[in-house]
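Input: a single structure, listed below in structure tokens.
Every read-out reported here was derived from the displayed coordinates using simple, explicitly stated rules and does not represent laboratory data. Treat the numbers as computed from the prediction; the structure is a model and nothing was measured. Because the Cβ atoms are built from the backbone with ideal geometry, glycine has one as well, and the counts that use them run over all protein chains shown.
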Amino acid sequence: MADANLSLASNEGADLRSRGTAKDKSERAPGGYSRHWEQEGQPIEDDDKARDQRKAQYTDLVNDYYDATTDIYLEAWGESFHFCRFPRGPEPKATAISRHEHYIAHMMGLQPGMRVLDVGCGVGGPAKEIASYANCSIVGLNNNAYQVKKAQELAKKEGMDKSVEFVKGDFMTIPFPSNSFDAVYVIEATVHAPSLEDVYSEIFRVLKPGGTFGVFEWVMTDKFDSSNRKHMAIRLGIERGNGIPTIQTKNAAREAMRTAGFELTVAEDLAERDDPVGWWYVIAGDVKHAQSLQDWSVIVRNTKLGRVAVRLLVRGLEFVRYAPKGTAKITEELIIAGDALVLGGTSGVFTPMYLMVGKKPEA
Ligand SMILES: CC(C)=CCC[C@@H](C)[C@H]1CC[C@H]2C3=C(CC[C@]12C)[C@@]1(C)CC[C@H](O)C[C@@H]1CC3
């Protein structure tokens, strides 16, 4: 977690000492996350039994992951925990991230005054941006208590707490009545669910008839071949590094939308557009595209040399007890995430931006 202090820019200003206490984070130790993937220090076999076990334990898996990584994400990535396209070539990541948020709002036809639900809202970056862009009011739902608290604090500090609010709850049993939202969106969050059919069905339930659902889903593409060991290793690396029980294929995600009852109006992998810079370039440590100081600070630490420096620094800070126990371990998990995501992107077997828009029928 101490890689935070490598930051050249003072973007989110998170300091190790000011980070959430164990109490905020349900008394979980950061290193605890790896227990979902290892037994006696050895990786658990990648089979159906292990996947079923992770699905059954999705609440702990996801909470262990975000308790340990939220401050790192905030400091290194900003308040919007997702990827984006770079359709204009190199440009500041922050600009491209906002455009990605505007795009889903545009594709869903969000209108002023609508009541919108953001499922898996992180610390609220996208909700604040979309509420300002589309002039609607947004409720963010998240099952991680620490992220909800952060989201509430940040929205208040930025004077946005009139148009956005954040609620703790499980997206598998959404704590709102049926037919209560004009629109619902998900940005890279339902991949944490044990079943896409079930989470999309819950979203269908809370949408008003005629309402719209939009999602940027993490999926394995048509290039993914489950008999290819390299592809399987990429999928497992992405799952492990990102707190995911199991990643579905693009076809399964589309089918899940239909099974839930949606009329699918858009289904497109935005990573297939001919963009000059790939969505993964930042975590690939590709410094030649860096545009802003904030870009530099995250890209540099993802270079080969940057990773060595991060590892050494984190271990040192944990050794002198400046960083909490387990910080070095979660840093290794994030390195797994970065490597696997870059391989997923460059090989084309994975996308974090499968855009689907569906309508709940009027009748
Ligand atoms: C987990 C899901 C569903 C969404 C989060 C997407 C991204 C915001 C993260 C995925 C991998 C993360 C990594 C980092 C920041 C946040 C992500 C891009 C780091 C750049 C943070 C700093 C570390 O030193 C390296 C990390 C690599 C992975």
**Study point:** Sequence ranges 252-263, 230-241, ranked by mean other-Cβ count within 10 angstrom, highest first
**Key:** 230-241, 252-263
Review point. What's the exposure ranking of 93, 223, 157, going from fewest to most Cβ atoms within 10 Å?
Key: 157, 223, 93
Review point. Cα gyration tensor of the stretch 122-258, axes a ≥ b ≥ c as square roots of the eigenvalues: rounded (a/c below 1.5), prolate (a/b > b/c) or oblate?
Key: prolate
Revision key, fill the gap. Listed residues 164, 308, 148; largest mean-square fluctuation, Gaussian network over the chain with Cα springs below 10 Å, found at 308
Practice item. Calculate how steeply helix 93-108 sits against the longest principal axis of the alpha-carbon atoms of the chain, using the helix alpha-carbon long axis, and give the answer as 0 to 90 degrees to the nearest 10. Key: 20 degrees
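Go through 150/304; 93/149; 55/168; 230/250; 128/288; 168/250 and tell me which ones have a Cα-Cα distance over 23 Å in this structure.
Those over the limit are 150/304; 93/149; 128/288; 168/250.
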**Study point:** Zone of residue 178's modelled label, taken as backbone nitrogen in the stretch 186-227 under 14 Å from a point 7 Å along Cα→Cβ
**Key:** 201-210
Point to revise | Cα coordinate range in the chain, projected on the principal axes (Å, largest first) | key: 62, 51, 43
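Can you work out the FRET efficiency for the pair residue 309 and residue 88, with r the C-beta to C-beta distance and R0 = 41 Å, to the nearest 0.05?
Efficiency, from the Cβ-Cβ distance: 0.85.
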Point to revise | Mean Cβ neighbour count within 10 Å, used as a protection proxy, ranking 202-210, 135-143 highest first | key: 135-143, 202-210
Study note, to complete from the structure: Ranked on Cβ counts within 10 Å of their own Cβ, fewest leading, 362, 91 go 362, 91
**Study point:** By average C-beta atoms within 10 angstrom, highest first, the peptides 121-130, 68-77, 192-201, 284-293
**Key:** 121-130, 68-77, 192-201, 284-293
Check your understanding: Using modelled amide H (1.01 Å from N, peptide plane; none on Pro or chain starts), what sits under 5 Å from the amide H of residue 277, excluding residues fewer than 5 places away?
Key -> 86, 89
